[in-house]
1. Partner chain Cβ atoms within 10 Å, averaged over the residues of A:105-113 - can you pull that number for me?
2. Taking loop as defined by DSSP and a crowding limit of 10 other beta carbons within 10 Å, which GluC sites (Glu not before Pro) in the range B:48-127 fit?
3. With just the Cα atoms defining each centre, how far is the range A:97-131 from the range B:15-48? Give it in Å.
4. Order these by the 10 Å Cβ neighbour count, fewest first: B:GLU175, B:GLU42.
5. Please give the charge dipole size of the range A:119-169, origin at the Cα centre, charges +1 on K and R Cβ atoms and -1 on D and E Cβ atoms. Round to the nearest 20 debye.
6. If you wrap a convex hull around the alpha carbons of the range A:119-169, what volume per residue comes out, as a whole number of Å³?
7. Can you give me the Rg/Rh ratio for the range A:47-115, using Cα atoms for both radii and the Kirkwood formula for Rh?
8. Against the longest alpha carbon principal axis of chain B, how many degrees, from 0 to 90 and to the nearest 10, is the axis of helix B:2-24 turned?
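Nothing in this text is a laboratory measurement; each read-out follows from the coordinates by a stated rule. Worth saying up front: this structure is predicted, and the values here are computed from it rather than measured. A quick note on method: Cβ atoms are made from the backbone with ideal geometry, for glycine too, and the neighbour counts reach across all protein chains shown.
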Amino acid sequence: MHTQPNGHYILQIAKVLGLAMSSLLLSFLLISNVSASPVDTFQFKDEATKIRFQVLSKELRCPKCQNQNLADSNSKIAVDLRKNLYNLLQEGKSDQEIIDFMVYRYGDFVLYRPQLKKQTYILWFGPLVIFLGFIISLVFVLRKRSKLKASELNLSSAEQANLDDILNKK
Amino acid sequence: MKSIIRFIPLILFILLGVLLYRGLFLNPQSMPSAMIGKPLPEFALPSLTASEQMLGRDDLQGDIVLLNVWATWCIQCKYEHPYLLNIAQDPRIKLYGLNFTDDRNAALQWLKQYKDPYVLSIFDEQGALGLDIGVFGAPETFVIDHTGIIRKRFAGPINDMVWKKEFLPLIEQIETEMAQGAS
């Protein structure tokens, strides 16, 4: 008899502890997320250029790092390329010119968003083709199934009786 | 027909398995340079040893030019340095240095201490030429042929195995091309 309120207490303590732990974890995650990105002291000529810098440094991949963009990485090459990106922007180069500049030197590897060309058709359209293939085969299967006649099911008399029984119950 | 359809999932599974299995043995660090097949870009940078002397593309004389990107902050460069002294003896090639985003005094000290394998070293303090040929670290070694086209970029230190496997076949190939071009 006494065990029940006890168990209740334990449950409540566990709940409170769990909540505290998860909020602590969440706050750690948020803090580390804020302090992770390296800080440069670039002075931009206007707000639009600053935003373009931020977008491009996120879209461009650091050539040395396996999976970090220029904005995230503190490797030597990423620092140099951020500086270079800044210079190109200050020179008034367009986004496309900057992307072409980087691709000419470092190849398609620097792009997180692959360019649309013959070799990348499968990347861009592959999923769509597979999806359409599934839809088409689904339609075929469903149509075939709806066309099945009762006589083609080859039910034994016992099964037929059972089926009639179920249908008539309604 | 029906029986083939039944095996489609198995076939797909095997194909995917083969694809992923192969992926396990790919080296994600080995990246083809985008500069292969392109001409070495024009540049104007000072010499490392003589700061008032400006160097350009035409100063890299030689039929087969090896351009070695190095810096004193690069630990692997120290590792490959003795071997560079070795291949500098090869009469078929001319070895040039590209001192990449480095300190001039430290670099000069390095060459004094470990000996200088280069015909000359370009002093690229800002990494301008390095950027133009897509350098992403050091050491890197570029092979430029007799027509001024970049034929190869090798990222990482050169040792005997790398030299024999990666460089010698290409050098021999360029030599045959030169012989064919001359005849």
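1. 4
2. B:GLU52
3. 16
4. On the way: B:GLU175 15, B:GLU42 10.
The order, fewest Cβ neighbours first, is B:GLU42, B:GLU175.
5. Using Cβ point charges on Lys, Arg, Asp and Glu, the range A:119-169 gives about 240 debye.
6. Output value, Cα hull per residue: 109 Å³.
7. With Rg and the Kirkwood Rh in hand, the quotient comes to 0.92.
8. Helix B:2-24 sits roughly 20 degrees off the main axis of chain B.
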